[in-house]
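Remarks on the structure that follows.
Throughout, read-outs are computed from the coordinates displayed, never taken from laboratory work. Keep in mind that this is a model prediction, so the values were computed, not measured. Counting neighbours? That spans all protein chains shown, and the Cβs are built from the backbone with ideal geometry, glycine included.
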Amino acid sequence: MEQSVRVGHRTIYEWLAALPAFLVLVFVIILNTSHTMHAQLLQLGESVWEGYFLLRHDPVEPSCNLNMDIDVELNRLIQERNSQPVDEFDLFAPEPVDPAIMRKSLTAAKEQCQIKYDQYDATKDRITPAVQLFRSVELGVAKFGELGMATQRVMLAILVLICGGTALVRRHHISLRPMVTAMDYRVAAGAQFIAFSILFYSVYSFKEIAFSAGIEVSTEHAVLHYLWIFGFGAPLLITLYQMVVIPKDAKPGGNFLTAQLAVPLYATMCIVSGIYFISADHPAGIGIYLNQMMELSQLFLNVGLYVWIGMLLKRTEMAQKVFNIFRPLRLPPEMLAVAVVALAAVPTAYTGGSGIFVIAVGGLIFMELRRAGARRQLALAATAMSGSLGVVLRPCLLVVIVAALNNEVTTDQLFGWGVKVFFLTTVLFAFFALITRKEPGEMLNRPEGDVWPEFKEALKPLIPYVILISVTLLVYAILLNAYLDEFSAPIILPVLLLVILIYERLSQEKDVLKRENLNIDYVEHRLEESWDDLRTGRDSMEKTLREATTETTGHIGALLMLMGMSVSIGGVIERAEVMAMVPTEFSSIWLAMALLVVVLVIVGMFMDPYGAVILVSATIASVAYDSGINPVHFWMVTLVAFELGYLSPPVALNHLLTRQVVGEEEVRLSKEEVKGENFYYRHEKILLPLATMATALILVAFVPLLVAY
């Protein structure tokens, strides 16, 4: 429906979902930029007007009497004191007045008053029109930052509800397998109806508790309560509609048990946690944990920004030109896959989560590997692993959170060992990829002729990008004193990509002949494009941003809903004291490590990285420390175990995300492509990442123990 109903050449979906999501994301960028800008404005004000902090507001005239006559005031005070009756038996009666001491006190007070008036006059005289203009800007930026911080939780809730709702309408939520039959659609819709019923009941119960507790509820939290109630109530009608109205392309029939695999993961998590909290007579449980998620609003807003960054990157030509560098080398597909996975570790380090990176850039990586001749199973394996190697590298936000929650480790220690783990996993991936090649003899072949001229030609198109990136980062460094790190990356990267997109649009030559088959039917088929877009053969910036944001909303909704329910599952594990079943002491450090590895992999299979780190810090970490495992060693094992969990069936989240960004058709073709092959090649997309990360986990977990003991 959203594709057929249009208002002003835009779909209803773009007006009601993509545009609000775009505004929220832009608001977050401006808000965080304003904090840095305000700090720079304060420094600039201080450098231009010394003592600028005194000039930020109009000075208040002192209330003391500058023209006080000391003799008159002294006589008044003495007379006032002498008029009071004196009880000679009162132990607390004041001492007799000493005129000399009182005169000295009055003289000092008058001198202080003069100083205050001098400061007042000096400050008032320094407030020139230039100061007034500057401070109006500075104070305006400060007030905007304060307003933004006060509404940040509300912005995240709006983003979750808008994007989660659009993922629901477009059936874009993450599940173990796609919906194919009519039974799949009905079961998935029914499960989501139950999930949203539980969510509605939970947030309503939490609201009742909050408003009846006798504690004043802030405006922001009150708005959050009503947002959740409305946001989880409306989808009940949508899911009821989806249970009745099945897409026309759905296959008739289906099996009820098989259809359970098509139920979105967030719905399953919600039902499980809801049953636990309701049976424990704590129906507000999920609502409480959702509000705890809001306390980390900046973190989850950054998730949305990173997904948007990936969709913008997907629409640039930069990644393709980077791949062009490898083409003259005629690398075998396996070697190219190794190079791509290793290079992808760098941007992953800035996103802080492999799943986020797969959603952002996975489709692009798969496409380029296929273009280079990689078989589909290998391309799917490399895409799923593309974000797995960088979570241990600086400046990964996940590592920063680990260090913040655990005083036993520092970021320098974790990042230092993270480099070693990165090289280990890269070597292992290369080893397994190369020994499983179908044509081993080609590995030794070299490109014919001199590849240097072709290589130089491939490098030339990248020079403008290097200049643009350098200039943009330099501008941020000079004007805002902001550098590309784990804190500024989600704010700088969207601007950087917009600069690149503008450059690409301006550098494209207008060629009317590019649309050789341009006709009325074609124009009517693409009403959303302007005539200029069609005539020049290129998309406008507005259309590029609109399409990127439209694609982003579905991905954000699927990911944030999954993360929110993952936090709730973590609450169930914590409240049910599941980790209490794990012994707190072990007779053997080897046994302790083996058990912890299994537990950590299972946690990684069912929880998002941020929720998993919080859970492990609160429960499992102390068990490892008490067992004599070095804290740095334990957290390196944890990070690798999480990545193995994200690649392991039955959930295999990174593979589900890969399927989501690559498309069901490519996954289907990958299965047809390997018919008649042996077991490994039929399941290479699963087995290659598992072999790499499982071997890495065993080495990271147990080799240091061999050295230490």
Which FRET efficiency, nearest 0.05, do V466 and E295 yield, Cβ-Cβ r, R0 35 Å?
0.30
Apply 1/(1 + (r/R0)^6) to the Cβ-Cβ distance of S83 and K251, taking R0 = 60 Å, and write down the FRET efficiency to the nearest 0.05.
0.05
When a footprinting reagent is the concern and you count Cβ atoms within 10 Å, what order do H555, H683 take, fewest first?
H683, H555
Could you line up K460, K438 from fewest to most neighbouring Cβ atoms inside 10 Å?
K460, K438
What's the angle, to the nearest 10 degrees (0 to 90), between helix 489-507's Cα axis and the longest principal axis of the chain?
60 degrees
Round to the nearest 10 and give me the degree value, 0 to 90, for the angle of helix 541-575's Cα axis relative to the longest principal axis of the chain.
80 degrees
So what's the angle, to the nearest 10 degrees on a 0 to 90 scale, between helix 684-708 and the longest Cα principal axis of the chain?
50 degrees
Which entry in (1) -0.30, -0.42, -0.82, -1.09; (2) -0.26, -0.38, -0.85, -1.20; (3) -0.33, -0.46, -0.90, -1.27 is this structure's computed log10 I(q)/I(0) by the Debye sum over Cα atoms at q = 0.05, 0.06, 0.09, 0.11 Å⁻¹?
(3)
Which lysines, on any chain, are close to K543 with Cα under 20 Å apart, when same-chain ones fewer than 8 places away are left out?
K314, K510, K514
Can you sort S197, S63, S218, S202 so the residue with the fewest Cβ neighbours within 10 Å comes first?
S63, S218, S197, S202
Could you pull out the pairs from K420/K456; K438/K460; K321/K675; K248/K675; K438/K675 whose alpha carbons sit more than 23 Å apart here?
K420/K456; K438/K460; K321/K675; K248/K675
In this structure, the FRET efficiency calculated for Y226 and L705 from their beta-carbon separation, with R0 = 35 Å, to the nearest 0.05, is 0.05
By the rule of no other cysteine beta carbon under 4.7 Å, the lone cysteines of the chain are C163, C270, C396
Dipole magnitude (debye, nearest 20) for the chain, charges at Cβ of Lys, Arg, Asp, Glu
2920 debye
